[in-house]
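Trainee: Have a look at this one before I ask anything.
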């Protein structure tokens, strides 16, 4: 992949969704500007995960956005998703790429400038870099700050998605101005009273990318 076809990635966590389905939240979030969805539900059995992934594949096709699957290359291929997102506990990147082929996206989680630098040379299409700001999901993790994004983009050529604590338009704008290609979010949208409005708020911060 020469360029990443999305800038606003929503990561799933059905435990955060209250009084509505994950599908409904995604529909509202897409109306607000989300253009990719990462299915990340590690506690589901294989059969249930396949069923959920199949449903989300149809939904994302209908919504016109990309679908990524967390870690599970087999599920990605089975439901014809657009790619996978790996981490340090996943199968090797080279093996994942050989299974996925060149037409599917392969993302990876980085948690330091050095890790991002090393991963960028191993055939990934994009990296998430986290946590950029303090986040409730990982309260003990020290924020990398947007300065880390600035440092990474000077050294790597793959797109960087800022992850962790990007919960308002000002922070979204800050990471974009630091050089991020886009953002990845979870709780900010999933727990919002109006996922559409929260996504739209964050999308305003992403708009600075249009100037690049």
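Trainee: Roughly how many Å is it from the Cα centre of the range 138-165 to that of the range 37-106, as a whole number?
Mentor: The range 138-165 and the range 37-106 have Cα centres separated by 24 Å.
Trainee: Run the simple label-point estimate for residue 91 and residue 15 please: 7 Å along Cα→C-beta, distance reported in nm.
Mentor: 2.7
Trainee: When the chain is fully extended, how far beyond the present Cα-Cα distance does residue 147 get from residue 23, taking 0.36 nm per residue of separation? It would help to have the intermediate numbers written out before the result.
Mentor: Numbers: separation 124, 0.36 × 124 = 44.64 nm, distance 3.48 nm.
In short, 41.2 nm is gained.
Trainee: Pull out a ≥ b ≥ c, the square roots of the eigenvalues of the alpha-carbon gyration tensor of the range 148-202, then state rounded if a/c is under 1.5, prolate if not and a/b is larger than b/c, and oblate in the remaining case. Let's see the in-between values first.
Mentor: Working: a/c = 2.99, a/b = 2.45, b/c = 1.22.
The shape class here is prolate.
Trainee: May I ask you to compute the full-extension gain from residue 58 to residue 191, defined as 0.36 nm times their residue separation minus their alpha-carbon distance, rounded to one decimal in nm?
Mentor: On the way: separation 133, 0.36 × 133 = 47.88 nm, distance 2.36 nm.
Extending this stretch completely gives an extra 45.5 nm.
Trainee: Now a separate question. What FRET efficiency comes out for the pair residue 80/residue 168, r = Cβ-Cβ distance, R0 = 30 Å, nearest 0.05?
Mentor: Working: r = 35 Å, r/R0 = 1.16.
The value I calculate is 0.30.
Trainee: With Kirkwood's inverse mean 1/r over C-alpha pairs for Rh, give me the Rg to Rh ratio of the chain, two decimals please. Write out the running numbers ahead of the final one.
Mentor: Numbers: Rg = 15.9 Å, Rh = 17.0 Å.
Rounded to two decimals, Rg/Rh equals 0.93.
Trainee: Using a 10 Å cut-off on Cβ atoms, rank the peptides 14-23, 191-200 from the highest mean neighbour count down.
Mentor: Working: 14-23: 12.9, 191-200: 17.9.
Descending packing order for the listed peptides: 191-200, 14-23.
Since every read-out is calculated from the coordinates, none of them should be taken as a lab result. Because the structure is a prediction, the values reported are computed rather than measured. Because the Cβ atoms are built from the backbone with ideal geometry, glycine has one as well, and the counts that use them run over all protein chains shown.
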